[in-house]
Amino acid sequence: MDKNLIQRTISGLVYVAVIFLCATPFGAQLLDSVSPQLVQQQYLYYGLITLLLLVGTWECMKIMKFGNGYEKWIVFPLVIFVFYLFSKRYFQHGFYFDFRLWEILALSLTVIAVVTLFKFSNELYIDSGKLIFTVIYVALPFSFALGLPKFSSIDNTFSLEVIFLFILIWSSDTFAYLVGKFFGKHKMAPTISPKKTWEGYIGGVVLTLVLSYFVEQYQPQLRGNWMIVGFLIAAFAPLGDLVESQLKRNFGVKDSGNIIPGHGGVLDRLDSFLICVPVVYLYFILSKFI
């Protein structure tokens with residue numbers, strides 16, 4: 001058997017296992033079997049998101065090839081500060097999906113960053129532009145990801161929004177790939193991602209909606225309507241892939257890193273996640289008023 005395939009399979013399984021254990025109550029339950037009350041699930045999840053944030057920031061800095069100006073040295077402090085602001089609400093159970101002006105402005109910055117990447121990429125070749133883009137592209141999505149699950153320290157419960165977000169992203173990518181492979185004829189973005197087709201995109205949306213129907217039926221405790229969440233994920237997940245592909249293309253980089261052998265870096269694996277999280281977070285805000 002191909003050694004690269006074995007490596008990809010093992011590292012992929014480890015990656016999925018880590019996500020599963022940190023984004024569901026099973027992680028804390030597993031640790032409880034070793035040492036009761038060793039760690040609560042919300043801390044496992046927070047640790048995972050913090051790790052992904054730090055590695056993702058480092059990878060983004062490497063991709064964009066910062067110079068030796070002051071911007072290079074304040075990226076991590078600024079990213080950590082933004083994450084800290086959201087962390088306070090996380091530990092105070094302050095994520096209620098209300099209309100806080102600064103959060104709405106932060107969500108709109110994601111749109112501005114994407115438009116800048118595709119239409120005004122010259123702005124990203126100066127270090128100040130690289131600094132702003134890194135904070136928006138990496139720090140904000142991971143910060144908003146803290147607000148997706150619900151948890152209770154009293155009842156020791158932790159909700160499953162995040163793991164189903166991952167499942168639908170993975171299914172969307174898989175469905176789009178398979179439909180595109182067998183039926184794809186019309187390229188979506190041939191200069192950025194030659195393998196993506198409109199047929200694959202439509203197939204990914206339709207089949208992810210089918211899966212979302214079962215999530216909605218059998219997981220009624222989740223926030224929101226998961227038919228809508230599934231549609232948003234399937235619609236925006238390919239954009240996340242295109243954004244990271246365009247970023248790497250602009251700077252002549254193949255992979256964001258090699259922390260996951262055979263799969264690349266954190267940004268390579270979480271490109272769709274970085275775009276889907278703000279979109280789903282915004283939906284959860286709006287769903288309160290519908």
Checklist entry - How are the C-alpha pair distances of the chain spread across 5 Å bins, as whole percents from the shortest bin up? => result 1, 5, 11, 15, 18, 18, 15, 10, 5, 2, 0, 0
Checklist outcome for this item: Site Lys88, offset 7 angstrom along Cα→Cβ, radius 14 Å on amide nitrogen, limited to the range 101-118, gives 102-103
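Out of all Cα-Cα pairs in the range 199-290, roughly what percent, to the nearest whole number, are more than 22 Å apart?
Percentage above 22 Å: 39.
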Next on the checklist: Can you tally the net charge around Gly200? Count Lys and Arg as +1, Asp and Glu as -1, for every other residue whose Cβ sits under 11 Å from the Cβ of Gly200.
Outcome noted: +3
Next on the checklist: If you split all Cα-Cα distances of the range 23-123 into 10 Å bins from zero, what percentages do you get per bin, shortest first?
Outcome noted: 12, 30, 34, 18, 6, 1
Item to check | Solvent-accessible area, 1.4 Å probe, carbon plus sulfur percent, for the range 1-87 | outcome: 72
Checklist entry - Just the accessible area per residue of the chain, please: how many Å² with a 1.4 Å probe? => result 50
Item to check | Estimated vicinal HN-Hα couplings, Hz - the range 15-31 in sequence order (Karplus 6.51, -1.76, 1.60; Gly, Pro = x) | outcome: 4, 5, 4, 5, 4, 4, 5, 8, 10, 9, x, 5, x, 5, 5, 5, 5
Item to check | MRE, 222 nm, helices only [DSSP H, n ≥ 4, -39500 (n - 2.57), over the chain, to nearest 500] | outcome: -23000 deg cm²/dmol
Checklist entry - Which of the aspartates and glutamates could a cross-linker bridge to Lys150, judged by Cα under 16 Å and excluding same-chain residues fewer than eight apart? => result Asp98, Glu161
Checklist entry - Over the Cα atoms of the range 122-202, what is the Rg over Rh ratio if Rh follows Kirkwood? => result 1.16
Checklist outcome for this item: Per GNM of the chain with C-alpha springs under 10 angstrom, the most fluctuating residue out of Trp226, Trp170, Trp73 is Trp73
Checklist entry - Which of the lysines could be linked to Lys185 by a straight reach, that is with a Cα gap under 22 Å, when you skip same-chain ones fewer than 8 residues away? => result Lys195, Lys196
Checklist entry - What part of the accessible area of the range 224-290, given as a whole %, is carbon or sulfur when the probe is 1.4 angstrom? => result 61
Item to check | Anchor Lys119: aspartates and glutamates whose Cα lies under 16 Å away (excluding residues fewer than 8 positions away in-chain) | outcome: Glu244
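The values are calculated or read from the model by the stated rules, or taken from the named source; none is laboratory data. On a predicted model such as this, the values are computed, not experimentally measured, just so you know. Methodologically, a virtual Cβ is constructed for each residue, glycine included, from the backbone with ideal geometry; neighbour enumeration extends over all protein chains shown. Remember, those area values only see protein heavy atoms, side chains included, never the ligands or the DNA or RNA. Shrake-Rupley method; radii C 1.70, N 1.55, O 1.52, S 1.80 Å.
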